[in-house]
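Some notes on the structure that comes next.
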Amino acid sequence: MNAAAFPLAAREAETKSGTVVQIGEAAVGGTEVVLVAGPCSVESPEQLRAAARAARAAGATILRGGAFKPRTSPYSFQGLGEEGLALLRAVGDETGLPVVTEALEPAQVPLVAAYADAIQIGSRNMHVTPLLRAVAAAGLPVLLKRGMSATLEEFLLAAETILLAGNERVVLCERGIRTFDSYTRNCLDVGGIAALKQLTHLPVVADPSHATGRRELVVATALASVAAGADGLMVEAHPDPASARSDADQQLSPEELVDLAERMRKVARAIGRS
Ligand code: PEP
Ligand code: MN
């Protein structure tokens, strides 16, 4: 790979410390491994409030939740839209958690930016340059998810596009890539996490929920991600996973989220982080 292709994103030297992206109280890329948790989709005030309380109880410092959902099927739940954004803002303020949520298209970015503390670019949109430029212009931190079939270089070039457009607050998210095996929803690229930490100064988080699509594999892959150098985890959690309107099979219950957070802290300490 030619690091000269992404001069702004490239790590200049192994010894130089990485960029820290501040989202509310959470310093992503610092010594502390950050936990981002919340439901796949915002479904109702009750659901989101319970999810946010569970996230906070587990030690998460950022709340996630989709209001505009990028669904593969047009028949699947598409999200509550602006109503979902307003709920995120209200519940985030209530629980003291900053919120991250996805914008699907350039025209949506100002609306999402009016409610969110950070904007997510989903896997299906990583290659959409006008959207990358639009989120760059919004001036909020950007959580950029890796395209499901994107190489690390393409991923870094997408980040470069945002940096070049004047927004330096980019967090990369490895969320699993397509392979030949369909047992897991995607394949978590643990080696890719370690490689990204060498290639770029930008913080890297892992999403073991979309990477596996299977609740029973989320904790193991989350721990592997932290051991590989991830600066944080983004995990889907729902007060009642079985009733979730999207991604029911991969969301953790509040109890499972606490268990993950406790084990995450042990792995973080074992590698000299907190
Ligand atoms: C999400 O995190 O809400 C999501 C849709 O994930 P991805 O874009 O990685 O599929
Ligand atoms: Mn999801």
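Things worth noting here:
- Test: residue in the range 41-57 that is more than 17 Å from the chain's Cα centre (by Cα), aliphatic (A, V, I, L, M) and closer than 19 Å to LEU163 by Cα: no
- Scope the range 166-179; condition open to solvent by less than 50 Å² (accessible area, probe 1.4 Å) and on the phi < 0 side of the Ramachandran plot; matching residues: ASN167, VAL170, VAL171, LEU172, CYS173, GLU174, ARG175, ILE177
- The number of residues in the range 180-213 that are more than 16 Å from ligand 2 (Cβ to nearest atom) and open to solvent by 20 Å² or more (accessible area, probe 1.4 Å) comes to 14.
- Against the conditions (1) within 18 Å of the chain's Cα centre (by Cα); (2) open to solvent by less than 20 Å² (accessible area, probe 1.4 Å); (3) within 14 Å of ligand 1 (Cβ to nearest atom), LEU260 satisfies every one except (3).
- Here THR31 meets the list (1) closer than 27 Å to HIS210 by Cα; (2) in contact with a Leu (Cβ under 9 Å, 6 or more places away or on another chain); (3) in a loop (DSSP other than H, G, I, E, B) almost entirely, failing just condition (2).
- Residues of the range 52-79 classified as more than 18 Å from LEU143 (Cβ to Cβ), open to solvent by less than 40 Å² (accessible area, probe 1.4 Å) and in a helix (DSSP H, G or I), total: 2
- Output for the range 214-256, where each listed residue is acidic (Asp, Glu), open to solvent by 10 Å² or more (accessible area, probe 1.4 Å), away from ligand 2 (no atom under 15 Å from the Cβ) and assigned to a loop (DSSP other than H, G, I, E, B): ASP240
- Counting the residues of the range 6-40 that are among the charged types (D, E, K, R) and more than 20 Å from the chain's Cα centre (by Cα) gives 4.
- As a summary of the residue check, VAL42 satisfies the conditions (1) open to solvent by less than 30 Å² (accessible area, probe 1.4 Å); (2) in contact (Cβ under 8 Å) with a residue 60 or more places away in the chain; (3) in contact with a Leu (Cβ under 8 Å, 6 or more places away or on another chain) except for the one numbered (2).
The values are calculated or read from the model by the stated rules, or taken from the named source; none is laboratory data. Keep in mind it's a predicted model, so treat the numbers as computed, not measured. Every residue, glycine as well, gets a Cβ built from its backbone with ideal geometry; the counts of neighbours run over all protein chains shown. SASA here: full protein model, heavy atoms, side chains in, ligands and nucleic acids out. Shrake-Rupley method; radii C 1.70, N 1.55, O 1.52, S 1.80 Å.
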